[in-house]
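Below you'll find the structure, written out as structure tokens, and then a few comments.
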Amino acid sequence: MTLVMENVSKVYSDGPKEFKALDDVSLELQKGEFVAIIGPSGSGKSTMLSIAGALLSPTSGTVFLDGENTAHLSKRKITEKRLEKIGFVFQAANLIPYLKVRDQLRVINVIAKNKANSKGRELLEHFGLTHRTNNYPNELSGGERQRVAIARALINDPKIILADEPTASLDSQRGREVVELLADEIKSRGKSGLMVTHDERVLDLCDRVVTIRDGRLEE
Amino acid sequence: MFLAIRELIHAKFRYVLIGFIMVLVASLIFIISGLAKGLSADNASAIQNLETDYIVVDAEAESDITKSFIDREKLDEIEQISGVEKANTLSIRMMNASVNGTEQNEDVALFVTEADGMLIPSITEGNSITQDNEVIADSMLKREGLKLGDTLKFGDESEYTIAGFADKQRYSHTSVLYMEASGRDRINAVTIQANPGKIDEIKNGIGNDFDILTAEEALQGIPSYSSEQASLNMMIVFLFVIAAFVLAAFFYVITLQKRDQFGVLKALGAKTIYLVKSLLGQVVLISVICIAIAVGLTMGIKALLPADMPFLLEVSGLIQTSLLVLTVSVIGALISLVQVVNIDPVEAIEGAGK
Ligand SMILES: Nc1ncnc2c1ncn2[C@@H]1O[C@H](COP(=O)(O)OP(=O)(O)OP(=O)(O)O)[C@@H](O)[C@H]1O
Ligand SMILES: [Mg+2]
């Protein structure tokens with residue numbers, strides 16, 4: 001088990017008002033498993049992914065990252081865990097505008113103080129981006145950008161890949177290609193993947209689909 | 001510095017713009033400081049270089065030597081006080097001298113003191129005073145064509161001969177002449193060399209009718225000195241404030257634009273301290289480059305200034321001012337740093353936690 005969420009609830013308090021965005025959610029991810037989260041807007045998908053990625057702490061319940069309870073970790077340690085264990089793919093790729101494709105991956109090595117890591121080239125080649133290594137993000141197509149983002153998520157060899165609507169900015173053809181790539185990497189490299197999506201046409205690429213409604217999980 | 005450098009290169013234009021402003025402001029700071037130092041020396045280098053620890057003036061003079069009047073007997077009295085090692089009289093008189101009996105006139109400040117006393121400056125040309133009708137003149141007078149052996153006449157008084165020249169002897173923007181004090185009963189001040197540890201004893205010995213000034217206090221007592229310096233210093237302070245605010249606003253807006261990126265980098269595992277260092281690195285790098293250019297520019301401008309313009313650039317002063325500009329830049333970047341610290345990595349995920 002690489003990611004375990006046990007009875008996780010999240011209450012947003014907005015002044016005196018309280019809003020329960022997640023209600024007693026439990027989920028386990030196996031090695032090599034690719035799970036999709038679907039649900040209507042505002043149902044709590046992003047909240048759930050943020051908690052899984054230790055970007056947000058749950059109001060109650062526990063999250064284990066690669067067997068470690070995140071509740072006892074300092075903010076600093078949590079940042080380190082994210083770097084080490086989790087690869088993120090965001091909705092709009094969120095590449096750094098002033099970095100060339102090559103440097104988008106290298107920055108992770110710099111942050112991780114792991115400059116010897118030479119997987120970048122291999123990854124870019126594997127993703128068919130070799131001819132793009134010296135381009136800036138604004139010179140790439142949406143699909144290329146998202147592929148760079150996936151390569152960035154993989155460079156540090158994390159155990160868990162979290163993706164929040166990675167296909168939202170792509171047409172269905174490109175979207176499907178990106179999810180195929182994700183599924184492929186997760187399978188072949190033995191990672192665990194959790195993906196929030198609105199696109200029902202890519203669900204066949206996932207091992208399991210969970211639906212979330214008003215903060216409650218339905219399988 | 002991985003991120004810092006790449007961003008600077010990618011967004012050259014905006015950083016060149018802010019750099020341009022910084023260069024201008026820093027140059028202006030250097031130039032005005034040079035002017036302040038130059039004017040200060042031109043106004044009072046004779047007092048700044050006076051070989052004395054303390055200057056005794058009468059209490060009603062309000063630190064202005066020329067307004068002070070002391071009886072000559074006081075000198076003997078002061079010499080007896082324990083702690084006083086040496087004492088000499090000093091009288092300052094603003095005069096107009098006619099040169100060699102010709103039409104040529106020069107404004108001068110007469111420093112009247114004992115010819116064998118401590119106040120006589122070291123001579124750079126000619127000899128010291130050996131006779132009562134000799135004077136030592138400020139070297140600046142050479143620019144007006146004066147030479148050794150020239151005679152000077154003040155009003156109805158007898159003639160004096162220039163026996164020697166000494167450097168950096170200006171008072172109230174006028175060149176100083178040193179001459180022998182014998183035969184004068186009313187003096188302006190008594191200068192003393194004394195052990196600073198015994199200053200309280202000396203004060204008691206001299207009595208309440210007199211003030212004991214340091215050279216710095218005597219400078220401030222020159223009426224034009226403090227007002228000149230105050231207005232220039234105010235300009236410099238304003239320039240520092242402007243530099244701080246311009247930089248603060250610039251980096252604040254830039255950081256605001258980069259919020260999303262900082263959120264993403266934090267989500268990806270970048271520590272806040274890394275991002276803070278990156279931003280500080282940019283500020284320091286830009287400032288150092290701009291200061292270096294400004295120093296060069298100021299040197300160039302100095303070379304273009306006419307030689308008699310009071311402008312003084314010293315390496316120590318340049319370094320001090322440069323460090324101050326750097327410090328002010330970093331202070332200006334502080335509010336942006338607060339922003340960077342406060343950005344929550346959850347902002348990288350669309351919709352959640354906002
Ligand atoms: N910081 C917050 N304070 C208060 N309420 C919040 C906060 N963040 C999210 N919410 C609320 O929590 C609920 C779940 O939000 P979340 O972003 O997880 O939904 P989502 O399923 O990702 O929606 P979408 O499909 O539109 O992205 C929403 O009703 C949202 O308004
Ligand atoms: Mg969402």
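Before moving on, here are some points about what is shown:
- Against the numbered list (1) open to solvent by 50 Å² or more (accessible area, probe 1.4 Å); (2) in contact (Cβ under 8 Å) with a residue 24 or more places away in the chain, B:Val295 comes up short only at (1).
- Flag for B:Val56 being away from chain A (no Cβ under 14 Å) and touching a Cys at 6+ places or on another chain (Cβ under 7 Å): no
- Of all residues in region A:173-200, those that are outside any helix (DSSP H, G or I) and either closer than 14 Å to A:Lys31 by Cα or modelled with pLDDT under 90 (or both) total 7.
- Residue in region A:58-65 that is within 12 Å of chain B (Cβ to nearest Cβ), under 18 Å from B:Asp344 (Cβ atoms) and open to solvent by less than 20 Å² (accessible area, probe 1.4 Å) present: no
- Qualifying position, being outside any loop (DSSP other than H, G, I, E, B) and among the hydrophobic types (A, V, I, L, M, F, W, C), among A:Leu203, A:Leu170: A:Leu203
- Residue in region B:13-35 that is within 14 Å of chain A (Cβ to nearest Cβ) and not hydroxyl-bearing (Ser, Thr, Tyr) present: yes
- When B:Ser122, B:Ser128 are checked against the criterion of being assigned by TED's automatic domain parsing to the domain that holds B:Val190, assigned to a loop (DSSP other than H, G, I, E, B), in contact (Cβ under 8 Å) with a residue 40 or more places away in the chain and open to solvent by 30 Å² or more (accessible area, probe 1.4 Å), a single residue qualifies: B:Ser122.
- The residues in region A:87-102 that are open to solvent by 10 Å² or more (accessible area, probe 1.4 Å) and farther than 16 Å from B:Phe262 by Cβ can be counted, and the count is 3.
- Some residue of region A:108-122 being more than 16 Å from ligand 1 (Cβ to nearest atom), at positive phi, surrounded by fewer than 18 Cβ atoms within 10 Å (Cβ to Cβ) and within 13 Å of chain B (Cβ to nearest Cβ): yes
- Evaluation of A:Thr167 against (1) within 14 Å of another protein chain (Cβ to nearest Cβ); (2) without any contact (Cβ under 8 Å) to a residue 60 or more places away in the chain; (3) within 16 Å of ligand 2 (Cβ to nearest atom); (4) farther than 20 Å from B:Ala267 by Cα (one fails), failing number: (4)
- Verdict on A:Val89 being among the hydrophobic types (A, V, I, L, M, F, W, C) and away from ligand 1 (no atom under 16 Å from the Cβ): no
- First in region B:231-247 and assigned to a helix (DSSP H, G or I), second anywhere and open to solvent by 50 Å² or more (accessible area, probe 1.4 Å), Cβ under 8 Å, 6 or more apart: B:Leu239/B:Leu28; B:Phe240/B:Leu324; B:Ala244/B:Ile331; B:Val246/B:Ile21
- Any chance B:Ser316 is surrounded by 14 or more Cβ atoms within 10 Å (Cβ to Cβ), among the small types (Gly, Ala, Ser) and in the same structural domain as B:Leu39 (by TED's automatic domain parsing): no
- Of all residues in region A:4-24 being β-branched (Val, Ile, Thr) and within 14 Å of chain B (Cβ to nearest Cβ), the one that is farthest from ligand 1 (Cβ to nearest atom): A:Val8
- Considered as a group, the residues in region A:41-57 that are in a loop (DSSP other than H, G, I, E, B) and near ligand 1 (Cβ under 7 Å from one of its atoms) include one that is most open to solvent (accessible area, probe 1.4 Å), and that residue is A:Ser41.
- Among the candidates B:Val283, B:Val288, residue that is open to solvent by less than 30 Å² (accessible area, probe 1.4 Å), farther than 30 Å from A:Ile160 by Cα, among the β-branched types (Val, Ile, Thr) and more than 14 Å from every other protein chain (Cβ to nearest Cβ): B:Val283
- Of all residues in region B:181-214, those being β-branched (Val, Ile, Thr), more than 15 Å from B:Ala61 (Cβ to Cβ) and buried (at least 20 other Cβ atoms within 10 Å of the Cβ) number 2.
- Residue within region B:41-49 that is among the small types (Gly, Ala, Ser) and within 27 Å of B:Ala243 (Cβ to Cβ) present: yes
- Flag if A:Val196 is within 14 Å of chain B (Cβ to nearest Cβ) and within 16 Å of ligand 2 (Cβ to nearest atom): yes
- One residue from B:Gly300, B:Gly269 being more than 16 Å from ligand 1 (Cβ to nearest atom) and on the phi > 0 side of the Ramachandran plot: B:Gly269
- Scanning region A:121-140 for residues that are in contact (Cβ under 8 Å) with a residue 12 or more places away in the chain and farther than 15 Å from A:Ile155 by Cα returns A:Gly128, A:Arg132, A:Asn134, A:Asn135, A:Tyr136, A:Pro137, A:Asn138, A:Leu140.
The values are calculated or read from the model by the stated rules, or taken from the named source; none is laboratory data. This structure is a prediction, so every number in the text was calculated from the model and none was measured. All Cβ positions, even for glycine, are placed from backbone atoms using ideal geometry, and neighbour counts span all protein chains on display. Calculation scope for accessible area: heavy atoms of the full protein, side chains included, ligands and nucleic acids excluded. Shrake-Rupley method; radii C 1.70, N 1.55, O 1.52, S 1.80 Å.
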